[in-house]
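The values are calculated or read from the model by the stated rules, or taken from the named source; none is laboratory data. None of these values were measured; they are calculated from a predicted model. For neighbour counting, all protein chains shown are included, and Cβ atoms are generated from backbone atoms with ideal geometry for every residue, glycine included.
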Amino acid sequence: MTDHTSSIRPNFSEYQVIIAEDEPMATKLAQGALKLMGFRRIFHAADGLKALKLLNELNGDVQLIVSDWNMPEINGLEFLRAVRKTYPKMRFVMLTGNANKDFVIAARKYGVDAYIAKPFTPDQLKSKVEAIFKL
């Protein structure tokens, strides 16, 4: 008997995503890549504090967060730390213009699922999202 569940792709159109990003071009790029993957319920916040409020307004019913590292109010690392306190299993991708060793160590310490250096391509985001959903 074969296990068919491993080949079933999640229905991304039912998933809710928050993009926390203050750069309009990076936001558009991430939204476009996610739409191509089938995500339809994409929410945007221009900073980490607004993203945290949005996550709470959605009662944590979010399957993916794509967050910039360097944002006003609270940065991506502070946002990640706040998310992990309440939602330890939330899938979280961090975008950064400065992917140095210290960034990687700090992001991993707080449980980031994946990170992408800016500028990024839609294929890079697609690849990271597929990896964290184990597709």
Tally the residues that are closer than 11 Å to Ala51 by Cβ, under 12 Å from the mean Cα position of the chain (by Cα) and not β-branched (Val, Ile, Thr), restricting the search to region 71-90. 3
Could you pull out every one of the helices (runs of 4 or more DSSP H) wholly within region 69-135 that has 1 or more residues that are of a type in the set (S, T, N, Q) and surrounded by fewer than 18 Cβ atoms within 10 Å (Cβ to Cβ)? 76-86, 122-132
Checking Ala99 against (1) among the hydrophobic types (A, V, I, L, M, F, W, C); (2) over 21 Å from Gln16 (Cβ atoms); (3) modelled with pLDDT of 95 or more, only one condition comes out false. Which one? (3)
Of the conditions (1) hydrophobic (A, V, I, L, M, F, W, C); (2) surrounded by fewer than 16 Cβ atoms within 10 Å (Cβ to Cβ); (3) at pLDDT 95 or above, Ile8 satisfies every one except a single condition; which number is it? (3)
As an exercise: evaluate Leu80 against (1) within 21 Å of Phe133 (Cα to Cα); (2) without any contact (Cβ under 8 Å) to a residue 12 or more places away in the chain and give the number of the one condition it does not meet. (2)
Conditions first: (1) closer than 16 Å to Gln16 by Cβ; (2) modelled with pLDDT under 95; (3) assigned to a helix (DSSP H, G or I). Ala30 passes all but one, so which condition is the exception? (2)
Looking for something touching a residue at least 40 places away in the same chain (Cβ under 8 Å), farther than 13 Å from Ile18 by Cβ and in a helix (DSSP H, G or I) - is there at least one such residue anywhere in region 35-56? yes
